């Protein structure tokens, strides 16, 4: 009996231990699992973009006894929640309404039924309204703590919903089509007013608006975005407005401003107005006596405008065809704004403004640079003689100033900075120097004043060989500039290039006229005996170029030099593969920054930072009270 009792106890103990082991192996119904900070954070912030309600929205549904109903009856659930939130003035719960309305709109947009897809825009509009009143309030209800993370989420819901509420299609493109009218959104009607004539300037020259958020940018190091309210857009120019010029893409922001109070929505409806702003010109708006920043994306429009191959090949095409595909001109990368200092970028040989894109984009992401400077570009045929192109740059600067500021009231336009790369540096140089007759004496044995020629011929000589500093240019920056020529412009290279380079007909005619007057002009024997190209002018044996290198900038003009050296080159030896240090170095430079890089170094972050430093220095001298 005892033995039998012991057996029973052992069996019971074994069963108990087995049960303990089994229970221990089971997962507890509540607990935590370590997954890492970033992974958990992503799961907490999915919300409206995931297509399912956020944790905050589900909490409100649970509290209101509506859990589980949203999936079955979304619109009835939203209506009941709206009435409860409005009656109790629970501004904090408007976030849940915005989130749920957006999720419902997204479900309708993905529905296979056309009728549902058409209604999605109205529910996006409702989501935007809830988000607007949650973020900014309507004068009733409780205040929201400025550090409440739902405020950031509410801004994102609003920005996405506004664009989707007015989305259409042009071919394969999703476009945003601002339009007014009355729509049934959420619990009642919503009357939208849209007046293009009161919108951003130049809207009539834009063919369509693309949502910036739908584009992934490639080829640029940073995406320059500014946080705020509104849907960032890419304004695409009309084809006829872009014909014969560089494509322009304007950054814009679409804002939907709601009026009144939420309590009126179900009974009298709500009024709202669509407003379009140029991101370059307007950074904030007044809403109920407070300044509200506008969301902006500056990089997506820039990248969209540069996505075609022709702009990148422009320099090569003009160099080897002689065709002026884009006439020599100054193009503004943004609308002119009074009080901003122009920075004029001048590209080099066989190049185009596209190669400055990384520098524009990075510099403009600095808020001080964006507020105080405006970027311009000089486009020219880099095959033309350097003196010819420099004269064109000078005349374009003066023409642009007369066009933008005929009364001469914008003092900042006369504080211009010219940044030139390679041959572009030589053009910049000729905006900042008083050459007197030094260049003429380098190529002629005769005194200019003794020439007995028609005034038209003398004027062409002055245009090529006599330069005075432009009073509007106060600072120049040379990047990889061949002040004393390039070894690639040697006689061997020139003899090959002359077979493929083609000059425009008007340049050939004007140069041929001067060559026909060699004897009356007293041109030296070693000077050009044929129509010169830019490669001839950049020869290390060109006396005109060597004379220019020794002339300092005019009083009041500062010069800075950025010199690239490849490999183990160290000053005064080495070069960038195109320009030697001895050619790029000038004694009169206020600063010289040497970078370990090849000739085309303008995309490098350290070069861009040096240009930014120079701009900050310039700003501090132009306006000591407001400069950094």
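The values are calculated or read from the model by the stated rules, or taken from the named source; none is laboratory data. Source: prediction; values computed, not measured. Positions of Cβ are generated from backbone atoms using ideal geometry, with glycine treated the same way; all protein chains shown enter the neighbour counts.
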What single numbered condition from (1) in a loop (DSSP other than H, G, I, E, B); (2) in the same structural domain as residue 545 (by TED's automatic domain parsing) fails to hold for residue 354? (1)
Hey, any hits in segment 528-547 for a residue that's surrounded by 20 or more Cβ atoms within 10 Å (Cβ to Cβ), assigned to a loop (DSSP other than H, G, I, E, B) and touching a strand residue (DSSP E or B) at 6+ places or on another chain (Cβ under 8 Å)? no
Counting just the residues of segment 591-622 that are loosely packed, with under 14 Cβ neighbours inside 10 Å and in contact with a strand residue (DSSP E or B) (Cβ under 9 Å, 6 or more places away or on another chain), which one comes out modelled with the lowest pLDDT? 621
If I ask for residues that are under 21 Å from residue 357 (Cβ atoms) and part of a loop (DSSP other than H, G, I, E, B), which ones from segment 195-237 would you list? 215, 216, 217, 218, 219, 220, 221, 222, 223, 224
Here is a list: 42, 27, 6. Which entry is over 27 Å from residue 159 (Cα atoms), in a helix (DSSP H, G or I) and at pLDDT below 75? 6
So residue 162 passes all but one of these: (1) closer than 20 Å to residue 102 by Cα; (2) assigned to a helix (DSSP H, G or I); (3) in contact with a helix residue (DSSP H, G or I) (Cβ under 7 Å, 6 or more places away or on another chain); (4) modelled with pLDDT under 95. Which condition number does it fail? (4)
Selection from segment 599-611 of residues touching a helix residue (DSSP H, G or I) at 6+ places or on another chain (Cβ under 6 Å) and either assigned to a helix (DSSP H, G or I) or outside the structural domain of residue 344 (by TED's automatic domain parsing) (or both) yields 608
Hits in segment 242-264 (condition: more than 30 Å from residue 311 (Cβ to Cβ) and at pLDDT 95 or above): 255, 256, 257, 258
Part of a loop (DSSP other than H, G, I, E, B) and modelled with pLDDT under 95: does that describe residue 502? yes
Meets criteria (modelled with pLDDT of 90 or more, within 13 Å of the chain's Cα centre (by Cα), over 24 Å from residue 391 (Cβ atoms) and in the same structural domain as residue 429 (by TED's automatic domain parsing)) for residue 338: no
Taking the stated definitions as given, is residue 512 surrounded by fewer than 20 Cβ atoms within 10 Å (Cβ to Cβ) and part of a helix (DSSP H, G or I)? yes
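To keep it simple, each residue is scored yes or no on (1) over 30 Å from residue 506 (Cβ atoms); (2) surrounded by 23 or more Cβ atoms within 10 Å (Cβ to Cβ); (3) not assigned by TED's automatic domain parsing to the domain that holds residue 616.
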position	(1), (2), (3)
295	yes, yes, yes
330	no, no, no
345	no, yes, no
365	yes, no, no
389	no, yes, no
